[in-house]
Structure formats: C-alpha cells, structure tokens
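Have a look at the structure below, then the notes.
The values are calculated or read from the model by the stated rules, or taken from the named source; none is laboratory data. Here the structure is a predicted model, which is why all the values come from computation and not from measurement. Glycine gets a Cβ as well: all are built from the backbone with ideal geometry, and neighbour counts include every protein chain shown.
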Amino acid sequence: MLIRIYQDNPNPKAVQQVVNCLRNGGVIIYPTDTVYAIGCDVTQPKALERVARIKGLKLEKADFSFIFYDLSHLSDYTLQVDTPTYKLLKRALPGPYTFILKANSIIPKIFKSKKKTIGIRIPDSNIIRTIVNELGNPVVSTSVHDDDDVIEYTTDPELIHERYENLVDIVVDGGYGDNFASTVLDLSEGEVEIIREGKGLVEDIL
C-alpha cells in the first residue's frame, strides 16, 4: 500500500493508518531527512525479524538505528549520558546524524544479542517524527539503499513501492528522498569517532 503524507502538514488520518499498522506488527518504508528507510515499532519482535530478513540479516547481527521523536525517551534505551554529550545531541538534532551511544539492558533483549550500543536518530522530517510521536515508541531505521541498488530506488517512492510492495505493509510517499545517508558519530567511548561521513556536516556541530 502506498500512502501519501506531506511534510509540511501530515494528514492525521493517514498518520493514524500508519501508526495502526505499526501497532499491529506491520513493517513500513518511510522518508527521513536523508534516504528512505525500512522500519517497524521496536516493541514488535516479529516485525523486527521481518525487517532483518528484508535486509538479509540475522536480527542479532543487525545494526539498526532507532528513530525518536525527541530526546525525552533517550534514557529508556541508553545509559545516562554526560552533559557535553547531551549538549552535542541537542545541537545536532533534529538533523541528518546518527549517534551511537551505550545501550541499557533493554537493547540486548530487543535484538536477542549481547548488543552494548544503540544508534539513535531524530530526523528533521515531520512525517516520521509525527508517526513516532503518535505511536509512542521509537521506530527502527535501516536504509532501503544497498550498494548494488539502482540509485532511483532510494529517491522515488513509487519505484520503492514497486520493488517492496510484497515485502512491507505500507510505503509512505513523502516525495523524493535524498541520495545521502546520515553522518554516523560514535559517542559510546566518550570521544567523538566519525564512523561515516554523510549528509550532516561534522564541523557544524562540534
């Protein structure tokens, strides 16, 4: 199913349709402020396993990020962060950055592994943030783009729908996506380590 939602004024009925799908264990593809992503409600184990299968991964090996509405739920999934780290997160988010932080005991249970870190995202995108806020839980984020994909698959929601309609429940059409993934910064050891340079400029936030 392809559902059109506009960035500037997300339609409440369309948002609720997506939220209901997520609450029922559905898997969706949605726009962020970078590339389109595949995701589900983090409290739905079978949906998480579906996302991992779509990516060709075992769940315990997957490095999925979580999309939050804001930083108020940070402590639900991470160990306490120090003041400089929190200030850095506040400067950068919402924005095209993924931050790796030390996870609390919930994350290993979610991924059925000994996972000790979590990637968090707060995209500068009204669509997914409105969905997450209405859902009340973070949504998993993993890019639909693979290195061997035709580049249009990451940008044109209709082509994404054509390719993934039998694998996911809803593709959210939020207009053309970006070709650049988020910048990934590891803060889990106290220092800032650049894992991947993407759309977000590191010098803008440090």
message = Looking only at region 176-198, filter to residues that are closer than 15 Å to GLY95 by Cα and acidic (Asp, Glu); which one of those is modelled with the lowest pLDDT?
response = ASP178
message = Please pick out the residue among LYS112, LYS61 that is surrounded by fewer than 17 Cβ atoms within 10 Å (Cβ to Cβ), modelled with pLDDT under 95 and touching a Pro at 6+ places or on another chain (Cβ under 9 Å).
response = LYS112
ask   = In region 142-168, what count of residues is obtained for those that are at pLDDT below 90 and assigned to a loop (DSSP other than H, G, I, E, B)?
value = 9
note = Flagged in region 51-81 as closer than 17 Å to ILE28 by Cα and of a type in the set (Asp, Glu), in numbering order, are none
query = Assuming ASN20 fulfils every condition listed in (1) among the polar types (S, T, N, Q); (2) at pLDDT 95 or above; (3) part of a loop (DSSP other than H, G, I, E, B) apart from one, which condition is it?
reply = (3)
task = Please go through region 64-78 and pick out each residue that is buried (at least 20 other Cβ atoms within 10 Å of the Cβ), within 25 Å of ASN179 (Cα to Cα) and in contact with a helix residue (DSSP H, G or I) (Cβ under 9 Å, 6 or more places away or on another chain).
result = PHE64, PHE66, ILE67, PHE68, TYR69
ask   = Of the residues in region 38-82, how many are of a type outside the set (Asp, Glu) and not in a loop (DSSP other than H, G, I, E, B)?
value = 23
remark   = Restricting attention to region 60-77, the residues that are farther than 13 Å from GLY136 by Cβ and over 16 Å from the mean Cα position of the chain (by Cα) number exactly 3
ask   = Is it the case that region 84-96 has a residue that's modelled with pLDDT under 95, out of contact with any His (no Cβ under 6 Å at 6 or more places or on another chain) and assigned to a loop (DSSP other than H, G, I, E, B)?
value = no
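Return the residues of region 113-141 that are of a type in the set (D, E, K, R) and part of a strand (DSSP E or B); say none if nothing qualifies.
ARG121 - this is the single residue of region 113-141 that is of a type in the set (D, E, K, R) and part of a strand (DSSP E or B).
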query = Restricting attention to region 34-49, and to residues there that are charged (D, E, K, R) and without any contact (Cβ under 8 Å) to a residue 60 or more places away in the chain, which single residue is surrounded by the most Cβ atoms within 10 Å (Cβ to Cβ)?
reply = GLU49
Unique residue being out of contact with any Lys or Arg (no Cβ under 6 Å at 6 or more places or on another chain) and within 22 Å of ASP156 (Cα to Cα) when the list is VAL81, VAL18 = VAL18
ask   = Quick one: in region 89-109, which of the residues that are charged (D, E, K, R) and in contact (Cβ under 8 Å) with a residue 12 or more places away in the chain is surrounded by the most Cβ atoms within 10 Å (Cβ to Cβ)?
value = LYS102
